[in-house]
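I have placed the structure first, in the form of structure tokens, so that the comments after it can refer back to it.
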Amino acid sequence: MDRRGRILLIVALIALGFALVAGRLVYLQVIDRADLAARAERQQQRVVKLESKRGTIFDRQERELAVSLEVESVYGVPSDMENPRQMAQQLSRILREDPKTLERRLSSDKHFVWISRKVEPGRAAKVKDLGSKDVGFRFESRRFYPKKALAGPVLGFTGMDNEGLEGLERTYDKELRGVNGWVLAEKDAVGRTVFPGGPGFQYRLPKAGNDIVLTIDEVIQHIADRELERAVTTARAKGGVCIVMDPGTGELLALSVASAHGRPAFNPNEPQQYRSGEWRNRGVTDVFEPGSIFKVVLAAAALEEKVVHPLEKIDCSAGSIKVADRVISDAHRNGVLTFTDVIADSSNVGTIKVALRLGKERFARYITAFGFGQKTGVDIPGEIPGLLKDRRLWSGVSIGSIAIGQEIGVTPIQMAAAYGVLANGGMLMKPYLVSRIVAQDGGAGKKFTPQPVGRAISKETCAKMSRMLQRVVATGTGKQAKPTGYSAAGKTGTAQKIDTLTGLYSKKEYVSSFVGFVPASSPKLVILVMVDTPEGDIYGGIVAAPVFRAVAEQSLAYLQVAPDDAGGGMLLVNR
Amino acid sequence: MQTRTGDIGSFVFERGNRGSLRRVLAVLVIVAALLLYVGGKVKIVQLGYQIEALEKEKRDLERENRALRIEAASLSSPARIEEIALKRLGMVRIAKENLIVVKQQPKAAQRAK
């Protein structure tokens with residue numbers, strides 16, 4: 001072949017090569033385009049979830065009580081694992097998981113198993129130090145309660161998937177949760193994510209959960225928690241409740257629930273360490289026969305209806321009174337007492353005599369006006385309405401029993417709200433825990449304002465009741481409730497519990513309580529203290545009244561409420 | 001046609017080779033345009049990597065910020081502060097004997113003095 005021929009042959013071969021490549025390109029990019037594009041999309045594109053941040057819960061001074069934080073969860077790839085047993089042993093020491101359970105999971109043929117979710121940062125770091133390629137990490141949101149047990153039963157807790165399970169976390173789950181977002185991203189050959197941007201970029205931004213500001217004050221809550229726990233421990237009791245409420249608005253500044261003596265206070269950071277009864281908010285879920293603290297309802301009703309005067313003398317010298325087929329006695333013999341002293345000394349006889357004058361129709365009406373027999377509407381899950389018989393079903397003895405706080409079941413929150421009526425001039429206010437919801441997306445949010453339920457009694461009756469209840473603290477059964485520097489009004493209660501075996505009133509188990517308001521001259525706080533089944537001393541004036549005093553003194557000092565009664569060693573200087 | 005090695009310029013600019021020059025220039029322009037196009041795509045991917053890295057850094061910083069807020073909240077808890085005050089600093093609660101209540105007289109009474 002001559003030279004020209006060889007050149008033409010080489011050119012032809014090169015042209016043929018290019019034609020084959022071009023043809024292949026046409027086949028891939030035109031004919032097979034749709035199928036290849038779909039496969040590429042499946043391999044390269046993925047939907048990246050953008051987790052929304054759960055809202056923060058603050059106290060009334062905007063101090064954090066519940067916050068979410070991303071922490072690492074540990075997962076394993078069992079299908080690639082060479083020695084699952086050894087890996088399980090190493091991981092169980094760090095993560096405090098059962099080694100046998102871990103080994104079982106890591107021995108499976110799955111490509112992904114959770115080893116431990118939402119671990120503490122220190123433990124995650126130790127797992128990383130193992131340097132295993134078969135163990136990976138993924139960030140997940142975890143809820144933290146930095147104040148530990150403070151207001152634990154009020155806050156509640158969340159589950160593994162950040163859903164509210166108890167307390168305010170559950171009641172306001174929808175507001176706190178937010179909405180997850182997503183973005184359609186691409187990943188390269190080594191799995192790095194590339195956000196494409198530009199037209200056609202598909203995404204939905206996450207909507208952060210709303211924050212919630214409570215009416216609870218962290219400091220007053222701590223005071224209530226501490227004093228109540230001390231009393232429950234000293235009395236070796238089964239538990240207790242302490243409520244601090246603003247009587248004018250219904251705002252709850254503290255709602256303390258103490259676990260049984262010997263049990264730690266509920267810490268929502270570790271709910272699995274507690275029995276379900278220990279995270280229950282007994283302030284709203286439990287009912288108890290209030291005993292003598294309920295006498296204020298009868299007294300207020302009788303004064304309002306003018307069937308008795310505070311200074312009217314009532315003969316209690318018999319020491320007992322028969323109502324229908326039941327004989328009810330006084331704890332100790334009294335003589336002839338004024339009605340004020342009937343309440344101050346907690347005479348059952350005197351109280352029942354006045355109740356019989358009032359009559360069950362009117363008495364039942366006032367019991368309802370004070371909020372008993374119905375839920376208060378406070379924003380905690382599990383509230384019950386208490387136990388109140390319809391007056392048409394009252395037996396002959398009911399009026400006497402109910403007047404002294406038996407044959408009726410009340411919740412602590414109902415009792416606190418009822419004393420709020422006496423403290424604020426006669427209005428029943430709805431107790432509430434959330435002050436406002438703060439929207440994160442520039443939205444309007446929501447503010448909660450005081451809600452009056454209805455007028456129970458007049459201001460004049462309130463003034464009379466206040467004087468009577470101050471007498472309880474000054475000279476009556478509530479002397480140990482008197483806070484230094486402040487006037488106080490309140491009532492003691494020592495209520496027998498029902499023996500669940502016999503169905504009769506127990507001679508050994510009591511509920512000791514004190515409820516009142518301070519300062520009596522211009523009430524700022526209603527404080528309820530209830531101690532369940534104390535051992536040894538059982539009287540409300542001995543077990544619960546000192547808690548009232550301690551909480552009142554410290555809370556009023558913290559709130560910078562000026563003392564209105566400078567007796568008892570305090571120096572009062574006029575400048 | 002004779003080719004002269006080392007003298008491409010004069011070869012190209014010789015009258016008979018202007019058609020070839022145009023063809024070479026056209027190819028160069030097309031190649032440049034293609035390079036610009038591909039380069040742009042590569043730049044977008046690189047910027048995407050940078051965005052992802054910055055997003056990660058932002059998330060890490062936000063995470064650290066939240067962790068510090070939680071730690072600050074925990075350190076300022078009333079129970080902890082009280083324990084430090086009582087046990088480490090030896091502070092005591094105020095006794096009623098130490099309380100002096102100073103009642104301020106109304107301004108009118110002060111002026112009268």
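The numbers here are math on the coordinates, done by the rules we state, and not lab data. Just so it is clear, the structure is predicted and the values come from calculations on it, not from any experiment. Positions of Cβ are generated from backbone atoms using ideal geometry, with glycine treated the same way; all protein chains shown enter the neighbour counts.
Of note:
- Trypsin sites (Lys or Arg not before Pro) restricted to DSSP loop in segment A:328-381 with at most 15 other C-beta within 10 Å: A:Arg333, A:Lys375
- Here A:Lys238 is the anchor, and the lysines within straight C-alpha reach of less than 28 Å, apart from those fewer than 8 places off in the same chain, are A:Lys147, A:Lys148, A:Lys295, A:Lys375, A:Lys389, A:Lys479, A:Lys482, A:Lys491, A:Lys497, A:Lys507, A:Lys508.
- Peptide A:554-562 - average C-beta neighbours from other chains (10 Å radius): 1
- Arranged from fewest to most other beta-carbon atoms within 10 Å of their beta carbon, A:His309, A:His222 become A:His309, A:His222.
- A simple spin-label model places pseudo-atoms 7 Å from Cα toward Cβ; at A:Arg455 and A:Arg104 they are separated by 6.8 nm.
- Put simply, the amide H of A:Ala260, placed in the peptide plane, has no neighbours under 5 Å, leaving out anything fewer than 5 places away on its chain.
- Average partner coverage of A:61-67, which counts Cβ from other chains inside 10 Å: 3
- Residue-span extension gain [A:Leu36 to A:Asn180] - 0.36 nm each, minus C-alpha spacing: 48.7 nm
- Note on A:Tyr203 and A:Arg96: the model spin-label points, each 7 Å out from Cα along the C-beta direction, lie 3.9 nm apart.
- The A:His332 and A:Glu140 beta-carbon pair, evaluated with R₀ = 60 Å, returns a calculated FRET efficiency of approximately 0.45.
- Mean per-residue shielding of peptide B:72-81 is 6, counting Cβ atoms of other chains within 10 Å of each Cβ.
- The calculated FRET efficiency for B:Leu28 paired with A:Arg46, based on their beta-carbon distance and R0 = 51 Å, is about 0.80.
- Shape category assigned to chain A from the gyration tensor of Cα positions, a/c cut at 1.5: prolate
- Modelled FRET efficiency - R0 60 Å, B:Lys43 with A:Gln560, Cβ distances, 0.05 increments: 0.40
- Among the GluC sites (Glu not before Pro) in segment A:272-335, those located in a DSSP loop and surrounded by at most 16 other Cβ atoms within 10 Å of their own Cβ are A:Glu312.
- Those aspartates and glutamates that a straight Cα-Cα span of less than 14 Å connects to A:Lys174, excepting residues fewer than 8 apart in one chain: A:Asp161, A:Glu163, A:Glu166, A:Asp211, A:Asp379
- Trypsin sites (Lys or Arg not before Pro) within segment A:287-320, DSSP loop, no more than 16 other Cβ atoms inside 10 Å: A:Lys306
- Between A:Arg85 and A:Val21, residue separation times 0.36 nm minus the direct Cα-Cα distance comes to 17.7 nm.
- Each Cα pair under 8 Å and six or more residues apart adds its separation to the average, and for chain A the resulting relative contact order is 14 percent.
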